Amino acid sequence: MSFPLLSLIIFLPVSGVFFISLIKEEDTRNAKAVALWISSLTFLMSLVLLFQFDSYNAEYQFVEKHIWIESYNIHYHLGIDGISLFFILLSTFLTPLCILVSWNNVQKRVREYMMAFLLLETLMIGVFCALDILLFYIFFEGVLIPLFLIIGIWGGERKIYACFKFFLYTLLGSVFMLLAIIKLYNEAGTTDIAAMTHLSLTPYLQKWLWLSFFVGMAVKIPMWPFHTWLPDAHVEAPTAGSVLLAAVLLKMGGYGFLRFSIPLLPDACQFFAPYVFTLSIIAIIYTSLVALVQTDIKKLIAYSSVAHMGFVTLGLFTFNLIGMTGAVVQMISHGLISGALFLCIGMLYDRFHTRDIASYGGLVKVMPVFSAFFMFFIFASIALPGTSGFIGEFFVLLGIFKANSGFACLAVLGMIFGAAYSLWLYRRICFGKLVPSLAEMKGIQDLHYGEKLVLGSLAILILFLGIYPKHVTNIINRSMRIIIDVYDMKKGTGEN
């Protein structure tokens, strides 16, 4: 297509930032309306990508390439394949939902809040569209700015500590990644990702580059032991910020492994794969055990995210089609499920103003519709067959069994722990006796129409991906084969 559809989708939310900046500070209703309309229009435009996407073509589509910095051979280069397509759809689908759930919850600096979310949407989409490594890095790092503001201004009591910890962790990791990008540019003479795949690097250089990329991506996922910023960020972030942080931003690290580490540095990937498996298993088991002793609902779900992302890194470094496809499906599935769980927590907090697990009990008696939705998302989180969580984890386990059966057995143990803390959480909140503090509250409202609509749309997608994953997995498979073919072709060919 000659029409710059990707550029339009990327920068359409920025136009919303401009329009909202023209609105008076006290006119919060119009600011929210503009943000909702612009984000909804962006989602509709992203659906055009889905309907126009040639699922039988594994190459990059909707490609735009223009000279950006001519003297240094740097281009404004965009394009998507079957992998990035679904991450874009995930980003554009969740952003208007986040604006909807924030409609009545955000009372201060509403205009700036909506502007921050639209800017964040632009940067998230840009990460998954960039085919120039410098452009990718700009979007990748730019995400820190609006999220830093969202946590730091509209967060909880310890928001300053959480936002600075988040910013410093991710910035430090990205500095190492920038050094690797500069070295790759010196080797290739360009920042074009496709051109870099033809580089033949020595195994020694590959290892140093891999470690530099690994630090940046591992912090973003986050992998153990780089995960400590995540629980604080989740706990202090507003509900919508937690949703996008868990659903989209954590996936950028896994996406970076697919785009750079595996195709560009195959010998180093093969060398470090056992170490990645080890860190992933530690993340799955250790953070599951930590989640079991949490007293804050949000912190428990945050630790569960670290455990689930351990399955992602396991699948990515199996270097076989089913394991790597499972990792991508797991990322998409976790984006929907974790987003739904954080929305549920936010709905509880809006009513009862506490996230302390001990403050709840017998909620099914006063909020039966909420309890039904919450049960469904908890079951999806523990990979109940028929949900998207089962498809992702099952594919990853098949892939890791092919690569290393010992690690696969340990991963299954982590799944058991995951079921333990998830079911324990649900029992404490929804079953048992109605705790006195809840029983004394009058006029507790179950989910209203808008909340049912938001949670219902997420539940439908989780069911669809769990029952009929064929359309999604077929598109991902074709693009994944290209990455695996490049990996197999280059593996062992690096000059000594």
**Message:** LYS159 - would you say it is more than 16 Å from PRO263 (Cα to Cα), among the charged types (D, E, K, R) and in contact with a Phe, Trp or Tyr (Cβ under 6 Å, 6 or more places away or on another chain)?
**Reply:** no
**Request:** Kindly indicate whether any position in segment 285-305 is closer than 30 Å to PRO203 by Cα and not aromatic (Phe, Trp, Tyr).
**Result:** no
**Request:** Test each condition in (1) under 19 Å from the mean Cα position of the chain (by Cα); (2) assigned to a helix (DSSP H, G or I); (3) surrounded by fewer than 22 Cβ atoms within 10 Å (Cβ to Cβ) for PRO225 and report the one that comes out false.
**Result:** (2)
**Message:** Six or more apart or on different chains, Cβ atoms under 7 Å: show the pairs whose first residue is in segment 37-51 and under 17 Å from LEU97 (Cβ atoms) and whose second is of a type in the set (Gly, Ala, Ser) and in a helix (DSSP H, G or I).
**Reply:** ILE38/SER15; ILE38/GLY16
**Request:** List the number of the failed condition for ASN105; all other conditions in (1) over 19 Å from the mean Cα position of the chain (by Cα); (2) touching a residue at least 60 places away in the same chain (Cβ under 8 Å); (3) surrounded by 19 or more Cβ atoms within 10 Å (Cβ to Cβ); (4) under 27 Å from ARG29 (Cα atoms) hold.
**Result:** (3)
**Request:** Any chance you could count how many residues in segment 124-177 are part of a helix (DSSP H, G or I), more than 20 Å from PRO231 (Cβ to Cβ) and not hydrophobic (A, V, I, L, M, F, W, C)?
**Result:** 6
**Complete:** Of the conditions (1) modelled with pLDDT of 85 or more; (2) crowded, with 23+ Cβ neighbours inside 10 Å, the single one that TRP154 does not satisfy is (1)
**The lone exception for LEU398 - which of (1) at pLDDT 90 or above; (2) within 25 Å of CYS98 (Cβ to Cβ); (3) surrounded by fewer than 21 Cβ atoms within 10 Å (Cβ to Cβ); (4) not β-branched (Val, Ile, Thr) it fails** = (2)
**Prompt:** Restricting the search to segment 94-123, which residues are in a helix (DSSP H, G or I), among the aromatic types (Phe, Trp, Tyr) and touching a Gly at 6+ places or on another chain (Cβ under 9 Å)?
**Reply:** PHE117
**Fill in**
Picked from segment 261-314 (must be of a type outside the set (A, V, I, L, M), farther than 22 Å from ILE378 by Cα and touching a Phe, Trp or Tyr at 6+ places or on another chain (Cβ under 7 Å)), the residue surrounded by the fewest Cβ atoms within 10 Å (Cβ to Cβ) is PHE272
**Prompt:** Looking at LYS220, LYS207, which is the one that is crowded, with 21+ Cβ neighbours inside 10 Å, on the phi < 0 side of the Ramachandran plot, basic (Lys, Arg) and in contact with a helix residue (DSSP H, G or I) (Cβ under 6 Å, 6 or more places away or on another chain)?
**Reply:** LYS220
**Request:** Could you tell me whether segment 414-429 includes any residue that is surrounded by 15 or more Cβ atoms within 10 Å (Cβ to Cβ), charged (D, E, K, R), modelled with pLDDT of 85 or more and in a helix (DSSP H, G or I)?
**Result:** yes
**Asked** Name the residues in segment 121-151 that are aromatic (Phe, Trp, Tyr) and crowded, with 24+ Cβ neighbours inside 10 Å, would you?
**Response** PHE128, PHE136, PHE140
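The values are calculated or read from the model by the stated rules, or taken from the named source; none is laboratory data. Note that the structure is a prediction, hence the values are computed from the model and not measured. Here Cβ is always computed from backbone atoms with ideal geometry, including for glycine, and neighbour counts include all displayed protein chains.
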